[in-house]
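Notes follow once the structure below has been shown.
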Amino acid sequence: MNKNSLQFWLRRIGLSAIALLLAIGIHSYLSPLAAQEVLKVGTEPAFPPFEMQAPDGKGLTGFDIDLFRAIGEEANLEIQFQSMPFDGLIPALQSQTINAAISGMTITAERAQTVDFSRPYFQSGLAIAVRKDSKDEIKSFDDLENKKIAVAIGTTGAQEAQKISGAEISTFDNSALALQELSNGRVDAVVNDAPVTLYAIKVGNLNNVEVVGELLTEEYYGIALPKNSPNVEKVDDAIDELLQSGRYRELYQKWFAGEPAKLPLVAPALKGEGAAFSWSQLFRNLFWGALVTIMLTALSVFFGTIGGTLLAVASISDFKPLTWLSRIYIDFFRGTPLLVQIFMIYFGIPSLIQSMGLDFSFNRLLAAVTALSLNSAAYLAEIIRGGIQSIDIGQWEASQSMGMSWRQTMRYVIFPQAFRRMLPPLGNEFITLIKDTSLVAIIGFEELFRQGQLMVATTYRSFAIYTAVALVYLLLTFIASRVFSWLEKRLDPVKRASKQASPKGSAKTGIGESLT
Ligand code: ARG
């Protein structure tokens, strides 16, 4: 009896112990999953030493990245970084595609209208960078008047540059590109965050660039979060903790020399007022952008058609090397992305020529028109060649037998017919070109799309503005397609013949009748 009850108790204790261990195990396995919330953090990693691609190509690195990882540990949040353009960060926060953004982002009153900021985590300011050979000419902000300035889109540097009277401002996707532009000699100065410019000079290939004058502004970087995000407090507490524990100082000294500046609890900028969005401004900007887009398309179609015709003639000529050359050209320009071609022409060619010791730089308009024309020439060549070759050989023979020369045959017999057949694909190409002009925004060309981007960068109304931009493109392509179908109808010999036959315009005449 006693033995039995002892066994009973032993078994009970054993089972309970196992159950307890299991429970602890499951709990400790599940609890980090349950408690560790995932935070998607947006960043634009072309802003060293704050955020950049790690040298081994694996992941991101930089002061901001380290700091946010530490915040994640402190606040028990799992951090997932997501790279995106700087001017896309605030829209992404608004749409909650990301839960936070760390990107050397200055706390400004305008931004604070659409997103919430953490407490300031870094003191920064804008600086002017110039080429060493012009440092006697530009020493301060006032010397920037009427100069060519490069800035990064949507940044405080871009805003500051707007204040310079008579300056010609080019906007790039990030400050690395803007600094490259300065180094290549196409602009006179760059207005950018001082620590970033100084770092680029220190480690980059910018040995001909220098920072001049005093800092233009005092700015504080903050972590941006969606409005009323529950994480603001967690992030703030974590930053406090890192500041107090000395971990912040450690991180600071890993990336910068000296002691970190004392940080205020609230950025001074938050006492100001933000810029407002206005529809009339939007329409005005889009109107100018549309004019630039139309001009770009017209110029590129003009030069593209000349090039395309020459290529088409070359590709059907009997002289073989000419045929091959035009094939190589067409294959290259059709087979590589237009975006890559634009970069090759605008950034690649000048730096190649400069490396040969020559002074050369491309004007933005020239580069844009060159890239678009070279590209569309390849497509147009194929359309023109196809059109000409689609005309039956019998027509050549007939014309020849009537004693017409090659030129006469081409001009009066072949081309008019071929042209009509080319119209539908030409229409397609034209519409494609209108849309493709938006790609030159990447080299800072202020056409329609760029105008929209620039407005989003200051007002953060991404949906309204991009919808308006899309509608303007739609309007342009719609007009183009109407013009082409009108041309097609006008050049239709059947209709023309029937019109001539009965001037009162019975367009309904059947084919058989009209041909008799
Ligand atoms: N501090 C500047 C601003 O907020 C520039 C920040 C740019 N950051 C970046 N990762 N590209 O406007």
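The numbers here are math on the coordinates, done by the rules we state, and not lab data. In this text, all values refer to a predicted model and were calculated from it rather than measured experimentally. Please note: Cβ atoms are built from the backbone with ideal geometry, for glycine as well, and neighbour counts cover all protein chains shown.
Which of the three applies to region 231-326, rounded, prolate or oblate, going by the alpha-carbon gyration tensor with a ≥ b ≥ c and a/c under 1.5 meaning rounded? Working shown, then result.
Numbers: a/c = 5.52, a/b = 2.19, b/c = 2.51.
Note, shape of region 231-326 comes out oblate.
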**OP:** Assuming a ≥ b ≥ c are the square roots of the Cα gyration tensor eigenvalues, decide whether region 211-266 counts as rounded (a/c under 1.5), prolate (otherwise, with a/b larger than b/c) or oblate.
**Re:** oblate
Subject >> Three-way shape call for region 286-374 based on the alpha-carbon gyration tensor, with the a/c threshold at 1.5 >> reply: oblate
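When Lys and Arg each count +1 and Asp and Glu each count -1, what net charge do the other residues less than 13 Å away from Arg490, Cβ to Cβ, add up to? Don't skip to the answer; put the middle values down first.
Details: positive: Arg420, Arg482, Lys489, Lys495, Arg496, Lys499; negative: Glu488, Asp492.
For residues surrounding Arg490, the net value is +4.
Can you tell me, using C-alpha contacts under 8 Å and at least 6 residues apart, the relative contact order of the chain as a whole percent?
Working: 766 pairs, mean separation 75.7, N = 516.
Reported relative contact order: 15 percent.
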Original post:
Which peptide among 319-325, 452-458 comes first, and what is the full order, when sorted by highest mean count of other Cβ atoms within 10 Å?
Top reply: 452-458, 319-325
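Please state the relative contact order of region 422-498 as a whole percent: Cα pairs under 8 Å, 6+ residues apart? Before the final figure, lay out the partial values.
On the way: 36 pairs, mean separation 27.6, N = 77.
The normalised contact order for region 422-498 reaches 36 percent.
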Subject >> Amide H within-cut-off set for Ile79, under 5 Å, with H built and near neighbours excluded >> reply: Leu39
Subject >> Helical contribution to [θ] at 222 nm, DSSP H n ≥ 4, -39,500 (n - 2.57), averaged over the chain, rounded to 500 >> reply: -18000 deg cm²/dmol
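Which whole-number percent is the relative contact order of region 167-236 (Cα, under 8 Å, 6+ apart)?
Details: 25 pairs, mean separation 13.7, N = 70.
So the answer I get is 20 percent.
Looking at the chain, send over the antiparallel percent of its DSSP beta bridges, to the nearest 5. Intermediate values should be presented prior to the final figure.
On the way: 21 of 37 bridges.
Percentage antiparallel, nearest 5: 55.
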